[in-house]
1. How about the range 16-36: which of its residues are of a type in the set (D, E, K, R) and either more than 26 Å from A5 (Cα to Cα) or modelled with pLDDT of 95 or more (or both)?
2. Can you tell me which residue in the range 1-28 is nearest to G39 (Cα to Cα), limited to those that are over 18 Å from the mean Cα position of the chain (by Cα) and surrounded by 10 or more Cβ atoms within 10 Å (Cβ to Cβ)?
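The values are calculated or read from the model by the stated rules, or taken from the named source; none is laboratory data. All figures in this text were calculated on a predicted structure; none of them were measured in a lab. Cβ sites come from the backbone with ideal geometry, for glycine too, and all protein chains shown count toward neighbours.
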Amino acid sequence: MTHLAAPAREAGLLTRPIADSARDMLAWLEETPDAARTGLTPDEEHEVLDRLG
C-alpha cells in the first residue's frame, strides 16, 4: 500500500534527514528497554543482505 505525501506537505508537514530519524529512534530504543521490537532478526537481515549481493 502506498500513500501520497502531497496532502501532508500541503498541510505544512516538514521532513527531515533519515539519519536524524534513525539516530533518534536508536536513542529512544536504548532509553526504552521494554519497547515493542519488530522487524527482522539479525540472522534474517544477513540472509536478505546476502541475497542482495
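1. D20, R23, D24, E30, E31, D34
2. Among those residues, the one meeting the criterion is A8.
A quick yes/no check of all residues on (1) assigned to a loop (DSSP other than H, G, I, E, B); (2) out of contact with any helix residue (DSSP H, G or I) (no Cβ under 6 Å at 6 or more places or on another chain); (3) among the β-branched types (V, I, T):
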{"residue": "T15", "(1), (2), (3)": "yes, yes, yes"}
{"residue": "A27", "(1), (2), (3)": "no, yes, no"}
{"residue": "L40", "(1), (2), (3)": "yes, yes, no"}
{"residue": "E45", "(1), (2), (3)": "no, yes, no"}
{"residue": "D50", "(1), (2), (3)": "no, yes, no"}
